[in-house]
Amino acid sequence: MIQLKKKFAVLGHPISHSLSPRIHQHFATQFGIHLDYQRIDVESTNFKKILSGLKQEGYEGLNITLPLKNLAYEICDELSSKADYTKSVNTISIKNNKLIGDTTDGLGLVTDLLTKNVSLENKKILVIGAGGASNGVMCDLISQRPQSIFLTNRTITKSHDMSEYWSSLAKDNNVLLDILNLKEDITFDLIINATSSSLGNDSAIFPENLNGYFWYDMMYGKQTPFLLKAEQNKAKFSDGLGMLVEQAAAAFNIWHHQKPDTKSIYQIL
């Protein structure tokens with residue numbers, strides 16, 4: 001008896017660089033799951049129409065990447081509590097003709113950091129950026145109960161808005177949430193770059209005199225100005241490849257109810 005392939009895809013723009021098909025195909029082989037996982041280039045203007053078509057074509061799940069995560073949050077019929085909180089969706093399950101949205105970005109980030117022996121509990125963290133990427137991981141960062149999370153952004157008013165939005169959850173977890181004061185001299189245990197600007201050559205978004213033991217760029221695949229700055233500071237650092245793998249593993253578990261082993265995929269990538 002021939003086993004039909006389960007249909008999945010990653011949607012975004014641009015999408016040709018995405019490693020998600022290779023990652024999910026590798027996970028599927030661990031469990032003997034027959035998978036058809038596609039890359040689909042989608043712009044925001046036709047996103048809703050494409051989603052409707054994929055439902056009709058029998059797709060069971062979709063990963064959503066830039067710049068569609070917030071739009072996916074708005075379109076989904078149902079949301080997990082975390083997706084509702086972060087206003088971001090990177091994982092869609094299609095069940096009974098409904099789009100069910102979830103987010104695994106924060107879990108992917110935290111899992112990767114802990115795997116790299118970067119502890120978060122009772123630590124001082126700086127998050128650079130106040131867009132969808134940073135807000136998408138705040139729920140999981142706060143849940144690790146660091147001592148403090150400082151925020152900064154090129155448009156600092158956005159950091160203030162972000163601080164206000166997450167203040168209640170931070171208070172519930174005894175986490176100090178504050179805006180970075182450039183006059184203060186703070187050495188952070190962890191500095192996270194959640195801006196996409198690091199893909200370009202604009203290093204001016206980063207505050208001068210940053211001090212941190214571990215620097216983490218959520219982007220992957222390029223030597224970014226942020227990581228160069230970390231190297232110049234003789235700090236430990238990492239790009240976001242591990243976050244990509246771990247958020248994919250969490251999405252895989254949502255769809256297939258199986259937890260893949262992630263160690264072996266790094267040699268392939």
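With (1) without any contact (Cβ under 8 Å) to a residue 60 or more places away in the chain; (2) assigned to a helix (DSSP H, G or I); (3) touching an Asp or Glu at 6+ places or on another chain (Cβ under 7 Å); (4) buried (at least 22 other Cβ atoms within 10 Å of the Cβ) as the list, and V110 as the residue in question, which single condition is left unmet?
Tallying (1) without any contact (Cβ under 8 Å) to a residue 60 or more places away in the chain; (2) assigned to a helix (DSSP H, G or I); (3) touching an Asp or Glu at 6+ places or on another chain (Cβ under 7 Å); (4) buried (at least 22 other Cβ atoms within 10 Å of the Cβ), V110 fails exactly one: (4).
I need the full set of residues from segment 127-161 which are among the small types (G, A, S), more than 19 Å from I186 (Cβ to Cβ) and surrounded by fewer than 24 Cβ atoms within 10 Å (Cβ to Cβ), in order please. Outline the logic, then answer.
Let us first name the residues in segment 127-161 that are among the small types (G, A, S), namely 129-134, 136, 143, 148, 159.
Checking the rest, the ones that are also more than 19 Å from I186 (Cβ to Cβ) come to 131-133, 136, 143.
Result: G131, G132, A133, S143.
Can you tell me which residue within segment 210-236, out of those that are in contact with a Gly (Cβ under 9 Å, 6 or more places away or on another chain) and in a helix (DSSP H, G or I), is modelled with the lowest pLDDT?
P225
When you check D178 against the structure, is it surrounded by fewer than 21 Cβ atoms within 10 Å (Cβ to Cβ), touching a Phe, Trp or Tyr at 6+ places or on another chain (Cβ under 6 Å) and at negative phi, yes or no? Steps first, please.
Working: surrounded by fewer than 21 Cβ atoms within 10 Å (Cβ to Cβ): yes; touching a Phe, Trp or Tyr at 6+ places or on another chain (Cβ under 6 Å): yes; at negative phi: yes.
So D178 passes the test.
Checking the conditions here, which among L190, L182, L141 is outside any helix (DSSP H, G or I), assigned by TED's automatic domain parsing to the domain that holds N233 and at pLDDT 95 or above? Before you say what the answer is, go through the steps one by one.
Details: L182 fails: at pLDDT 95 or above; L141 fails: outside any helix (DSSP H, G or I).
Sole residue among the options that is outside any helix (DSSP H, G or I), assigned by TED's automatic domain parsing to the domain that holds N233 and at pLDDT 95 or above: L190.
Of the residues in segment 77-126, how many are farther than 30 Å from D189 by Cβ and aromatic (F, W, Y)?
Selection size over segment 77-126: 0.
Are there helices (runs of 4 or more DSSP H) fully within segment 17-92 with at least 1 residues that are buried (at least 20 other Cβ atoms within 10 Å of the Cβ) and among the charged types (D, E, K, R)? List them. Walk me through how you get there before you give the answer.
Details: elements: 20-30, 47-56, 69-75, 81-86.
By residue number, 69-75, 81-86.
The values are calculated or read from the model by the stated rules, or taken from the named source; none is laboratory data. Predicted model only: the values in this text are computed from it and were never measured. Positions of Cβ are backbone-derived with ideal geometry, glycine not excepted, and every protein chain shown enters the neighbour counts.
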